[in-house]
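Colleague: A single structure is presented below for examination.
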Amino acid sequence: MSEQETPRMPLIGEKAPSFKAITTQGDIQFPEQYVGSWFILFSHPADFTHVSTSEIMTFASIEEELNKMNTKLVGVSVDGLYSHIAWLRTIKEKIEYKGMKNVEITFPLIEDITMNVSQKYGMLQPGESDTKAVRAVFVIDPKGIIRTILYYPLSMGRNFDEIVRIMQALQASDEFNVATPADWRPGDDVIVPTAESCGVAKERVESEEEGVTCYDWFFCTKKLDKETVMKAIYK
Ligand code: BEZ
């Protein structure tokens, strides 16, 4: 690749691009260091800004729940290490927001002054900003494969319920070999995989197999109770 060439955005199903970086928690080799865990790599546009402050505090507030789902957080922005350290210290010492105070950010925040990481992950989107990363979220599985990507503009804080729901849905899909319908939450019916439902759905519609509902030959759901899901994904 020539120096001018910008790497193309990584896509769902591809291996997470690898990089070495300096963070507030020491050096990391990504994603190799995280193999075996799920992890969320997210970018924020800039330290010491309002939306990003609300977000990083909210990331910290869901960290414990994510950790129970074997999921780790890693943040990145184009700021330097000392800016990150000063911002995180200010948050801990001074910011009280929506009942959150004394918030200590213990997950790594990558310094990306060279924009190496932001470029590799398609976080620099010049139509939105020439100098700052957009709000990206990359969900990467224990094999280092990208499983979900979200991008938000600079002006909009992310939806953290959705980030938790994504982790629940991806892990439930893997664990039970099912897909999840619109707005799925643990305890809702899940979708029987196409290969399975295609072959037998017609019979199912007729036989009304227990727990399975078919809306047509291509669309069958089955019950998956909340307790079973929660036990499988929260450790
Ligand atoms: C913010 O996080 O508040 C922000 C950062 C850069 C541009 C606009 C807003």
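The values are calculated or read from the model by the stated rules, or taken from the named source; none is laboratory data. Here the structure is a predicted model, which means the values were calculated and not measured. Cβ sites come from the backbone with ideal geometry, for glycine too, and all protein chains shown count toward neighbours. These accessible areas exclude ligands, DNA and RNA; they are computed on the full protein's heavy atoms, side chains included. Shrake-Rupley method; radii C 1.70, N 1.55, O 1.52, S 1.80 Å.
Colleague: Can you name the residue in region 54-75 that is closer than 19 Å to ILE22 by Cβ and touching a His at 6+ places or on another chain (Cβ under 9 Å) and, of all such residues, is farthest from the ligand (Cβ to nearest atom)?
Modeller: GLY75
Colleague: Name the single residue, out of those in region 105-133 being assigned to a helix (DSSP H, G or I) and open to solvent by 40 Å² or more (accessible area, probe 1.4 Å), that is nearest to the ligand (Cβ to nearest atom). Before the answer, list the steps.
Modeller: The initial filter retains those residues of region 105-133 that are assigned to a helix (DSSP H, G or I), namely 116-120.
This time we only want the ones that are open to solvent by 40 Å² or more (accessible area, probe 1.4 Å), so: 116, 119-120.
Values: ASN116: 20, GLN119: 18, LYS120: 21 Å.
Going through the qualifying residues, I end up with GLN119.
Colleague: In this structure, does VAL35 turn out to be within 19 Å of the chain's Cα centre (by Cα), farther than 30 Å from ILE95 by Cα and surrounded by 12 or more Cβ atoms within 10 Å (Cβ to Cβ)? Give the derivation first.
Modeller: Numbers: within 19 Å of the chain's Cα centre (by Cα): yes; farther than 30 Å from ILE95 by Cα: yes; surrounded by 12 or more Cβ atoms within 10 Å (Cβ to Cβ): yes.
Answer is yes for this residue.
Colleague: Please state which of the following conditions PRO10 fails to meet, knowing it meets all the rest: (1) outside the structural domain of MET115 (by TED's automatic domain parsing); (2) open to solvent by 20 Å² or more (accessible area, probe 1.4 Å).
Modeller: (2)
Colleague: Open to solvent by 40 Å² or more (accessible area, probe 1.4 Å) and free of Cβ contacts under 8 Å to residues at least 12 places away in the same chain: is that true of ASN102 in this structure? Steps first, please.
Modeller: Numbers: open to solvent by 40 Å² or more (accessible area, probe 1.4 Å): yes; free of Cβ contacts under 8 Å to residues at least 12 places away in the same chain: yes.
Criteria met by ASN102.
Colleague: Can you name every residue in region 64-78 that is out of contact with any Gly (no Cβ under 9 Å at 6 or more places or on another chain) and open to solvent by 30 Å² or more (accessible area, probe 1.4 Å)? Spell out the reasoning first.
Modeller: Here is the first cut: in region 64-78, the residues out of contact with any Gly (no Cβ under 9 Å at 6 or more places or on another chain) are 64-69, 71-78.
Listed by number, the residues that qualify are GLU64, GLU65, ASN67, LYS68, LYS72.
Colleague: Pairs under 9 Å by beta carbon, first residue assigned to a loop (DSSP other than H, G, I, E, B) in region 212-235, partner charged (D, E, K, R), six or more apart or different chains?
Modeller: Short answer, once both residue conditions are applied: TRP217/LYS202; LYS223/ASP189; LYS223/GLU210; LEU224/ASP188; LEU224/ASP189; TYR234/GLU65; TYR234/LYS68; LYS235/LYS68.
Colleague: Yes or no: region 134-147 includes at least one residue that is within 16 Å of the ligand (Cβ to nearest atom), under 25 Å from ASP47 (Cβ atoms) and over 13 Å from the mean Cα position of the chain (by Cα). Break it down into steps so the answer makes sense when it comes.
Modeller: Our first condition is that a residue be within 16 Å of the ligand (Cβ to nearest atom); within region 134-147, this holds for 134-137.
Of the ones still in play, those that are also under 25 Å from ASP47 (Cβ atoms) are 134-137.
Still in the list and also over 13 Å from the mean Cα position of the chain (by Cα): 134.
Taking every residue of region 134-147 in turn, at least one turns out to be within 16 Å of the ligand (Cβ to nearest atom), under 25 Å from ASP47 (Cβ atoms) and over 13 Å from the mean Cα position of the chain (by Cα).
Colleague: While we're on this one: Among (1) within 14 Å of the ligand (Cβ to nearest atom); (2) buried (at least 16 other Cβ atoms within 10 Å of the Cβ), there is one condition SER155 misses while meeting the rest; what is its number?
Modeller: Tallying (1) within 14 Å of the ligand (Cβ to nearest atom); (2) buried (at least 16 other Cβ atoms within 10 Å of the Cβ), SER155 fails exactly one: (2).
Colleague: Considering VAL51, VAL78, which residue is within 16 Å of the ligand (Cβ to nearest atom), touching a residue at least 24 places away in the same chain (Cβ under 8 Å), farther than 28 Å from TYR234 by Cα and under 19 Å from the mean Cα position of the chain (by Cα)? Even if it seems obvious, please write down each step before you answer.
Modeller: Details: VAL78 fails: under 19 Å from the mean Cα position of the chain (by Cα).
Going through VAL51, VAL78 in turn, just one is within 16 Å of the ligand (Cβ to nearest atom), touching a residue at least 24 places away in the same chain (Cβ under 8 Å), farther than 28 Å from TYR234 by Cα and under 19 Å from the mean Cα position of the chain (by Cα): VAL51.
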